[in-house]
1. Filter the strands (runs of 3 or more DSSP E) completely within region A:157-226 down to those with at least 1 residues that are polar (S, T, N, Q) and at pLDDT 90 or above.
2. Which residue is farthest from DNA strand C (Cβ to nearest atom), if the candidates are limited to region B:61-78 and must be assigned to a strand (DSSP E or B) and in contact (Cβ under 8 Å) with a residue 40 or more places away in the chain?
3. Contact list please: Cβ distance under 9 Å, first residue in region B:10-23 and at negative phi and open to solvent by 30 Å² or more (accessible area, probe 1.4 Å), second residue among the β-branched types (Val, Ile, Thr) and in a helix (DSSP H, G or I), pairs at least six apart or on different chains.
4. Return the residues of region B:24-50 that are free of Cβ contacts under 8 Å to residues at least 24 places away in the same chain and within 11 Å of DNA strand C (Cβ to nearest atom); say none if nothing qualifies.
5. Could you tell me which residue of region B:49-68 is most open to solvent (accessible area, probe 1.4 Å), considering only residues that are within 8 Å of DNA strand D (Cβ to nearest atom) and under 23 Å from the mean Cα position of the chain (by Cα)?
6. Scan region A:30-48 for residues that are open to solvent by 20 Å² or more (accessible area, probe 1.4 Å) and more than 14 Å from every other protein chain (Cβ to nearest Cβ) and jot them down.
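The values are calculated or read from the model by the stated rules, or taken from the named source; none is laboratory data. Computed from a predicted model, the values in this text were never measured in an experiment. Cβ placement follows ideal geometry from the backbone for every residue including glycine, while neighbour counts extend to all protein chains displayed. SASA here: full protein model, heavy atoms, side chains in, ligands and nucleic acids out. Shrake-Rupley method; radii C 1.70, N 1.55, O 1.52, S 1.80 Å.
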Protein chains: 2
Amino acid sequence: MKEGPDISRVAALIGDPARANMLTALMTGKALTATELAAEAGVTAQTASGHLAKLFDGGLVQSRKQGRHKYFALAHGDVAVALEGLMGLAGGELRTRTGPKDAALRQVRVCYNHLAGQMGVQMFSSLILRGYMRDDPDAPILTASGQEFIAQFGVDLDALSQQRAPLCRSCLDWSERRTHLAGSLGRAILTKMEQSGWVKRDDKSRALLFSQAGASAFQVAFPETG
Amino acid sequence: MKEGPDISRVAALIGDPARANMLTALMTGKALTATELAAEAGVTAQTASGHLAKLFDGGLVQSRKQGRHKYFALAHGDVAVALEGLMGLAGGELRTRTGPKDAALRQVRVCYNHLAGQMGVQMFSSLILRGYMRDDPDAPILTASGQEFIAQFGVDLDALSQQRAPLCRSCLDWSERRTHLAGSLGRAILTKMEQSGWVKRDDKSRALLFSQAGASAFQVAFPETG
DNA sequence: CGAATGCTTCGGCTAATATCGAAGTATGAA
DNA sequence: TTCATACTTCGATATTAGCCGAAGCATTCG
């Protein structure tokens, strides 16, 4: 009578309108906070909290606590695939929403001491896609080829590993809502970029000012799609 | 927020255990009567009637009356694709149970009307690696050499391209977690294999029974190049 | 013609669950 | 510290929806 896995459980999870709205909102690939998802679903915070707990238990979303916010994202690509399949049956359309303010800050800025914004996310994903780094659930891990790449970039890894602070750490990007590289390595890379004259910090804001040559060099070092 | 075409509606349809069992039973591609589906779902005939009406209204199944029987089948291939996607999500949770029947199903089975399981994935990747097919993000594309290969295999491509249904389509395999070939071409290939006596369908399950000669011929036609 | 089978509709019972108000924790800011 | 924000837990309510018994059509067969 029963063949294959039980699909009713996971389908029932998606079958609630509030949860379905949350999941579709997460289809952008960006992480959203619990309150944002509550607004997206049109329910109160308490209700949303219950829904999100169920989605987490069902393995459809992953969560990440950062400060007093809790960010949620789809657990993995298979979830998006399944959702797309359902959308094909419903003939649905996708809507987009996220509103950052300053365009310059959204493109690139400093986050404590490391690179953030669109370029920060690009650097991180470029490292991942070329096999220099592995996005472990716990923390990113620099591979052997990655260590070589970073050394050639001009960062002294041995000195960094002496420090107490973790070498690699992923940080959720404010505007992009995707992970970028933090930790002592992220800090060292930004420092190296400053030393090389690629970029200067703005005194008043978190904006970063790339020189024309620096921007070009960045694109060469961390190309967009691998 | 009650806007637009709802993914939750169709997901809720699949979300009921009885309906999910009916749909999985229909994944064989065979049409089943209402009473057969009632037994499959473990409910009475009245309950099944209500479920099937809902599935029909939701566009997931098609029905045709024949004498005093009413036969149901999946509405179209997209439904099977969506169901397989959901199975991929639910598969991870039920890793513990692997019966003898599951092993056979993992190796090869029928997905609506095309080949699935380990052999289905092998066929797909064999076509890709030999340059007969290109795995476009949108949908797989048959190359010129691929068209020649398929024609030699004994499938009339001209007749297929006349149909409204897409020729090539990728479907995510729930056991292998990789794509296999669906669409009218996938269906035609399986039909050809049946006509050639390579394989027979099981009446009760999604299992496929390859003859010894058929299995050998399959390995010759779609070698494991990877 | 009855009798039997396959399917559907109706009514009521029951269980599940989505929802929100209120109160409780945790983190960050003033 | 004190306050505000973000999120969670608890309790109660209400709507929903699955389920089956009983009865009603429709079709087929003896």
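1. Filter on region A:157-226 gives an empty set.
2. Filtering region B:61-78 for residues that are assigned to a strand (DSSP E or B) and in contact (Cβ under 8 Å) with a residue 40 or more places away in the chain, the one farthest from DNA strand C (Cβ to nearest atom) comes out as B:Leu74.
3. B:Ala12/A:Ile14
4. B:Thr35, B:Glu36, B:Ala38, B:Ala39, B:Thr44, B:Ala45, B:Gln46, B:Ser49, B:Gly50
5. B:Lys54
6. A:Lys30, A:Ala34, A:Thr35, A:Ala45, A:Gln46
Here is a yes/no grid of residues against (1) of a type in the set (Gly, Ala, Ser); (2) not in a helix (DSSP H, G or I):
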| site | (1), (2) |
| --- | --- |
| A:Val10 | no, no |
| A:Leu13 | no, no |
| A:Ala38 | yes, no |
| A:Val43 | no, yes |
| A:Ala48 | yes, no |
| A:Ala82 | yes, no |
